[in-house]
1. Name the strands (runs of 3 or more DSSP E) wholly inside segment 80-141 in which the number of residues that are within 12 Å of the chain's Cα centre (by Cα), buried (at least 18 other Cβ atoms within 10 Å of the Cβ) and without any contact (Cβ under 8 Å) to a residue 40 or more places away in the chain is 2 or more.
2. Among the residues of segment 1-60, what is the count of those that are among the hydroxyl-bearing types (Ser, Thr, Tyr), over 19 Å from Ala80 (Cβ atoms) and in contact with a Lys or Arg (Cβ under 6 Å, 6 or more places away or on another chain)?
3. It is to be established whether one or more residues within segment 73-93 are in contact with a Lys or Arg (Cβ under 7 Å, 6 or more places away or on another chain), modelled with pLDDT of 95 or more and under 28 Å from Ala4 (Cβ atoms).
4. Going by the conditions given, is Ile57 within 17 Å of Ala10 (Cβ to Cβ) and either surrounded by fewer than 11 Cβ atoms within 10 Å (Cβ to Cβ) or within 12 Å of the chain's Cα centre (by Cα) (or both)?
5. Output the qualifying pairs, or none if there are none: Cβ atoms under 6 angstrom, residues six or more apart or on different chains, first residue in segment 12-26 and free of Cβ contacts under 8 Å to residues at least 60 places away in the same chain, second residue among the aliphatic types (A, V, I, L, M).
6. Among the numbered conditions (1) more than 19 Å from Phe114 (Cα to Cα); (2) among the acidic types (Asp, Glu); (3) touching a residue at least 24 places away in the same chain (Cβ under 8 Å), tell me where Glu55 comes up short.
Amino acid sequence: MSDADIGHGAVFKRGDGEDPEVFTSIGEVLNITPPSITKDVIDATHTGSPDRYREFIVGLRDGGEASVEIQFKPDSPAVANMIADCESDQPVNYQIDFDGGTTVWDFAGLATAFEPSIPVDDKMTATFTVKVTGRPAFASA
């Protein structure tokens, strides 16, 4: 039998910046896209590269972006915080809680987009995007 699981119960949280930091759910989450960690690969090929094959070295790593789609409630404190984060130049700590606290992904990030959608015949949603700054920390208890 497969060990696969569904995303039901996952939570996207925002830190309050205090010490100790408290993380609060941003609302009714529909979809979460966790950070996409990548690293640069630099061509280090030279005229003496063996067998005329290219050679590469590792460059810098990038924490990528994380995004969350929520049910848009214009008067919610979470929406006010997301808009404030987009207007701020300072990173905020965020957390993706996969399963009630035993597996979390912590990262600092700069909010880059808050995009509401208000269709005439469906629920209102919004997508919030964060550019990760520094190293994201994935931890499983």
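1. Output list reads 103-117.
2. Looking only at that region, the number is 1.
3. No: segment 73-93 contains no residue that is in contact with a Lys or Arg (Cβ under 7 Å, 6 or more places away or on another chain), modelled with pLDDT of 95 or more and under 28 Å from Ala4 (Cβ atoms).
4. Judged against the criteria, Ile57 is not a match.
5. Asp16/Val22; Ser25/Val11
6. (3)
The values are calculated or read from the model by the stated rules, or taken from the named source; none is laboratory data. Note that the structure is predicted; figures quoted are calculated from it, not measured. Reconstructed Cβ throughout: ideal geometry from the backbone, glycine too, with neighbour counts over all protein chains shown.
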